[in-house]
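The values are calculated or read from the model by the stated rules, or taken from the named source; none is laboratory data. Just so it is clear, the model here is predicted, and its values are computed rather than measured. Here the Cβ is made from the backbone with ideal geometry for all residues, glycine too, and neighbour counts use every protein chain on show. Side chains included, ligands, DNA and RNA excluded: accessible areas come from the protein's heavy atoms. Shrake-Rupley method; radii C 1.70, N 1.55, O 1.52, S 1.80 Å.
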Amino acid sequence: MSVRLDPAYRDAALHSLAHNEFDVVVVGGGVVGAGAALDAAARGLSVALVEARDWAAGTSSRSSKLIHGGLRYLEQRDFGLVREALKERSLLLHRLAPHLVRPVPFLFPLRHKGWERAYIGAGVALYDSIGGARALPVHRHLSHRKALELAPALRPESLTGAIRYYDAQVDDARLTMMIARTAAQHGATVCTRVRATGLLRDGRAVVGVRVRDIPGGHEHLVRARRVISATGVWTDDDWALDPGEAPFHIQMSKGVHILVPRERLRLNTGLIMRTEKSVLLVIPWSRYWIIGTTDTPWPFDRDRPAATQADLDYLLGHVNEMLRDPLSEQDVVGVYAGLRPLLSGRSAETTKLSREHAVAEPVPGFFVVAGGKYTTYRVMAADVVDAAAAGLGAAVAPSLTRHLPIHGAVGYRELWRDRSALAAGVGLPVPTVERLLGRYGSAVGDLVEMIRQDRSLAAPLAGADGYLAAEIVYAVTHEGALDLDDVLSRRTRIAIEYPDRGLDAAVEVAGLVGGRLGWDRAARAAAVEAYREQTAAELSGRRALPMLPR
């Protein structure tokens, strides 16, 4: 049964936090925290999940949007990590989230004759053969001519041939939110805009968390038998632990991506290119290409990672080495920056730090999970819940999430086969219905019903015509969005897909959601102004940053 994460649900969730004791409280609403809440709830435990901002507001909405094993990790001989990630890729593609995760082809241009084809080919062949990797088509070796047929945007002299292989991609913010909704369906109490401000202790043992409802300003003591911290790059800061209690430390690595219009690059496939430190990806994304990423230390504010001019120069410079018609800054329609939480090591270069994860119990009753990569969120969640469940008394079931489809997955394939009939029935173009199915899966039925009741919701947004008005309304009636940033940055991706970051659509969006959120005219105007100020601050923050060494 679907759970609507609307304002009424949030009110009930706050009441539950204040008046119940839980088996597990999870702090952090990124993909690992949402996954941990789902894992624990599916085992029959009573669970609360609290997030200070919004689902996926941090790292989990700012990734490369790939579900992948990490081809470059093979070169680092991190075979275990790659195998684990490829197993998770197969699960997500075929069982857990086929509506949100889909195959994407990549072309690996070869620049040297002879040895490079043998070397890269061997790595890609291994990538195709471990960890359930055969869930996708196997790689193919391409001649110089065949490679240019797939990628006419490339300079002929920039390659000698290529290898084509497959990975998978996802809207990272949507998957995270859908996992949180699935946890709620299984009985978890989930709530955003609730900041954990401290731990409750009985002696040394942790017995809950102190939280503040940010919109209401009220504090609550949330009692729990176990507390799990899944706060990513905030792990080192969030808890007032004694120095001797910190089990590990996190080093932040910044990854920057840019978006350019799809028509700007004549490509029929994604690209992956080696750089002096890592790899550069050109990833198809709706009407755009995502180009990324960087991998550099970030010593500044965790809440506001920003791209520098050096980051843009790096991305454009490396991709332009391969292009017939070089890109310029004028081609860039969107930029986003995120922070990776890497387990701290001795290497000064973040590209060499481990993407593996760790779980620890620094004090009794308090469990911390950190590190890892987006693709392996489910494994991380299961590991930390395994640790937390030990000693709870009655036998707790093992993790069930490898068998548990995410909200919208069940029935998706049947609807996809009948998409033409679905489109005719609701009066929408087939491509629009296909796009909706790829964002909502079988939950698209909720939007169809909304449109049948109010035909005006079938209209595209005037300032962001890639989205329907129904999607904006649904974001607050079902998906837990509470302000314009939630809607424009994460329930949709308007903030990165349009050059104005959604400012042209902000007034219309405020009008659509205002009534559902109880906003009067003044509150709607204030919401638009707040989003305008936030956008201006992000842009000015980018300009003000120092030129960090690469």
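So here's what we get for this one:
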| item | result |
| --- | --- |
| Residues satisfying the stated conditions in segment 112-147, i.e. farther than 30 Å from residue 411 by Cβ, assigned to a loop (DSSP other than H, G, I, E, B) and either open to solvent by less than 30 Å² (accessible area, probe 1.4 Å) or touching a residue at least 60 places away in the same chain (Cβ under 8 Å) (or both) | 128, 130 |
| One residue from 437, 447 being under 19 Å from residue 408 (Cβ atoms) and without any contact (Cβ under 8 Å) to a residue 40 or more places away in the chain | 447 |
| Number of positions in segment 375-427 that are farther than 27 Å from residue 359 by Cα, among the aliphatic types (A, V, I, L, M), open to solvent by 20 Å² or more (accessible area, probe 1.4 Å) and without any contact (Cβ under 8 Å) to a residue 12 or more places away in the chain | 2 |
| Filtered residues of segment 256-269 (kept if surrounded by fewer than 24 Cβ atoms within 10 Å (Cβ to Cβ) and in contact (Cβ under 8 Å) with a residue 12 or more places away in the chain) | 260, 261, 262, 264, 265, 266, 267, 268, 269 |
| Test: residue in segment 60-73 that is among the polar types (S, T, N, Q), at pLDDT 95 or above and either out of contact with any Leu (no Cβ under 9 Å at 6 or more places or on another chain) or open to solvent by 30 Å² or more (accessible area, probe 1.4 Å) (or both) | yes |
| Top-ranked residue of segment 1-25 - restricted to ones that are part of a helix (DSSP H, G or I) and among the hydroxyl-bearing types (Ser, Thr, Tyr), ranked as most open to solvent (accessible area, probe 1.4 Å) | 9 |
| Contacts under 8 angstrom Cβ, first residue in segment 467-490 being part of a helix (DSSP H, G or I), partner of a type in the set (Lys, Arg) and surrounded by fewer than 24 Cβ atoms within 10 Å (Cβ to Cβ), 6 or more apart | 471/439; 473/516; 476/516; 477/4; 477/516 |
| Tally of residues being among the small types (Gly, Ala, Ser) and surrounded by fewer than 17 Cβ atoms within 10 Å (Cβ to Cβ) across segment 186-216 | 5 |
| Any hit, segment 93-107, residues being open to solvent by less than 10 Å² (accessible area, probe 1.4 Å), part of a loop (DSSP other than H, G, I, E, B), of a type in the set (Gly, Ala, Ser) and over 19 Å from residue 159 (Cβ atoms) | yes |
| Conditions (1) of a type outside the set (Lys, Arg); (2) under 21 Å from residue 171 (Cα atoms); (3) out of contact with any His (no Cβ under 9 Å at 6 or more places or on another chain): number failed by residue 408 | (3) |
| Criterion (touching an Asp or Glu at 6+ places or on another chain (Cβ under 9 Å) and either farther than 24 Å from residue 304 by Cβ or modelled with pLDDT of 95 or more (or both)) met by exactly one of 550, 516, 532 | 516 |
| Residues being in a loop (DSSP other than H, G, I, E, B) and either open to solvent by 20 Å² or more (accessible area, probe 1.4 Å) or closer than 14 Å to residue 177 by Cα (or both) - total across segment 491-518 | 7 |
| Residue list for segment 163-201, filter: in a helix (DSSP H, G or I), of a type outside the set (A, V, I, L, M, F, W, C) and touching a strand residue (DSSP E or B) at 6+ places or on another chain (Cβ under 7 Å) | 181 |
| Check on residue 54, closer than 25 Å to residue 7 by Cβ, among the acidic types (Asp, Glu) and open to solvent by less than 10 Å² (accessible area, probe 1.4 Å) | yes |
| Criterion violated by residue 367 - all others in (1) part of a strand (DSSP E or B); (2) of a type outside the set (S, T, N, Q); (3) surrounded by fewer than 17 Cβ atoms within 10 Å (Cβ to Cβ) satisfied | (3) |
| Failed item, numbered, when residue 428 is tested on (1) under 21 Å from the mean Cα position of the chain (by Cα); (2) farther than 30 Å from residue 335 by Cα; (3) in a loop (DSSP other than H, G, I, E, B) | (1) |
| Test: residue in segment 256-265 that is part of a loop (DSSP other than H, G, I, E, B) and farther than 22 Å from residue 164 by Cβ | no |
| Answer residue from segment 280-312, given it is in a loop (DSSP other than H, G, I, E, B) and among the small types (Gly, Ala, Ser) and is surrounded by the fewest Cβ atoms within 10 Å (Cβ to Cβ) among those | 286 |
